[in-house]
Amino acid sequence: MDYENDPGWQYLRRTREQMVEDHSKPYDMKTYVWVPDEEEGYLQGVIKSTKGDDCVVAMGAGVEKTLKKDILQEMNPPKFEKTEDMSNLTFLNDASVLHNLRARYGCMLIYTYSGLFCVVINPYKRLPIYTDSVARMFMGKRRTEMPPHLFAVSDEAYRNMLQNGENQSMLITGESGAGKTENTKKVIAYFAAVGASQQEGHARIGEEAKPKEKKVVCFFL
Ligand SMILES: Nc1ncnc2c1ncn2[C@@H]1O[C@H](COP(=O)(O)OP(=O)(O)OP(=O)(O)O)[C@@H](O)[C@H]1O
């Protein structure tokens, strides 16, 4: 299927060219570091020299700072830039997680996995990533086949329910205004879309081959 032509795809995955550009940024594992910053959280720096516990770090624009080594955090190689699953990161520190989420958000990629978790950042604008065509992309797909999305998590829960015959739970948590209600509504809409697509299937394949009926009942606490 030609996903890249869907208007929502640009908000789900970077193009090959964009990835190549991201992955070719300069980097040196020994000297590239994250430096804590009151306003920005962390800024990129390059260690110029080390003396005892202190380092001289170049911050760009000719600015150099002398800092304690132990406040610096390791930077990941550029092949992890805007990674879809942060459990892949070589260095899983605060700076790298924040940088990855911020870099993805800068491109309006609002969903990112961290292992089994899916982190969402509220875009505060309507993105075309909840359409029927996007929902259809995720139906029956493994999580690893597709970009991070709430639909992938929902589809996995739906399939687990059918295959194992067990109730499934999704925990949607975050501070006030984070988007819990919006995302919950999208989960319900996805289940409705999956149900509808199965019914279309019934019409085509007839009663004989009708799959076992399952009910999706959602409780919200
Ligand atoms: N995925 C999204 N796409 C577009 N807008 C969103 C999305 N998620 C949240 N928003 C926007 O942010 C607002 C707040 O989101 P929401 O009501 O879901 O937050 P909440 O976590 O349920 O908050 P509270 O805990 O206070 O009820 C929404 O009214 C909507 O405008």
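The values are calculated or read from the model by the stated rules, or taken from the named source; none is laboratory data. Fair warning: this is a prediction, and the values are worked out from it, not measured in the lab. Here the Cβ positions follow ideal geometry from the backbone for every residue, glycine too, while neighbour counts run over all protein chains shown.
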Contacts under 9 angstrom Cβ, first residue in the stretch 176-191 being without any contact (Cβ under 8 Å) to a residue 60 or more places away in the chain, partner near the ligand (Cβ under 7 Å from one of its atoms) and small (Gly, Ala, Ser), 6 or more apart = Lys180/Gly174
Output the residues belonging to the stretch 95-136 that are among the charged types (D, E, K, R) and assigned to a loop (DSSP other than H, G, I, E, B).
-> Lys125, Arg126
Are any residues in the stretch 55-81 more than 21 Å from Ala103 (Cα to Cα), touching a residue at least 24 places away in the same chain (Cβ under 8 Å) and in a strand (DSSP E or B), and if so, which ones?
-> Val57, Lys65, Leu67
Conditions (1) within 15 Å of the ligand (Cβ to nearest atom); (2) more than 11 Å from the chain's Cα centre (by Cα) -> Val119 fails only (2)
Give me the pairs, please: first residue somewhere in the stretch 119-140 and free of Cβ contacts under 8 Å to residues at least 12 places away in the same chain, second residue anywhere and within 12 Å of the ligand (Cβ to nearest atom) and assigned to a helix (DSSP H, G or I), beta-carbon distance under 9 Å, and either six or more positions apart or on two chains.
-> none
Would you tally the residues in the stretch 155-180 being away from the ligand (no atom under 14 Å from the Cβ) and assigned to a helix (DSSP H, G or I)?
-> 10
The number of residues in the stretch 82-94 that are in a loop (DSSP other than H, G, I, E, B) and either over 30 Å from Gly52 (Cα atoms) or among the charged types (D, E, K, R) (or both) is 3
Unique match (being surrounded by 15 or more Cβ atoms within 10 Å (Cβ to Cβ), at pLDDT 95 or above and out of contact with any Lys or Arg (no Cβ under 6 Å at 6 or more places or on another chain)) among Ser96, Ser87 | Ser96
Restricted to the stretch 42-54 and to residues being small (Gly, Ala, Ser) and assigned to a strand (DSSP E or B), the residue surrounded by the fewest Cβ atoms within 10 Å (Cβ to Cβ) is Ser49
Residue check, Ile129 under 15 Å from the mean Cα position of the chain (by Cα) and either of a type in the set (Lys, Arg) or under 14 Å from Tyr3 (Cα atoms) (or both) | yes
Which condition breaks for Lys141 when tested against (1) in a loop (DSSP other than H, G, I, E, B); (2) within 13 Å of the ligand (Cβ to nearest atom)?
-> (2)
When the stretch 78-116 is examined, which residues are found to be polar (S, T, N, Q) and within 16 Å of the ligand (Cβ to nearest atom)?
-> Thr112
Restricting attention to the stretch 1-41, which residues are part of a loop (DSSP other than H, G, I, E, B), more than 18 Å from the chain's Cα centre (by Cα) and over 18 Å from Glu81 (Cβ atoms)?
-> Met1, Asp2, Asp6, Pro7, Lys30, Glu38, Glu39
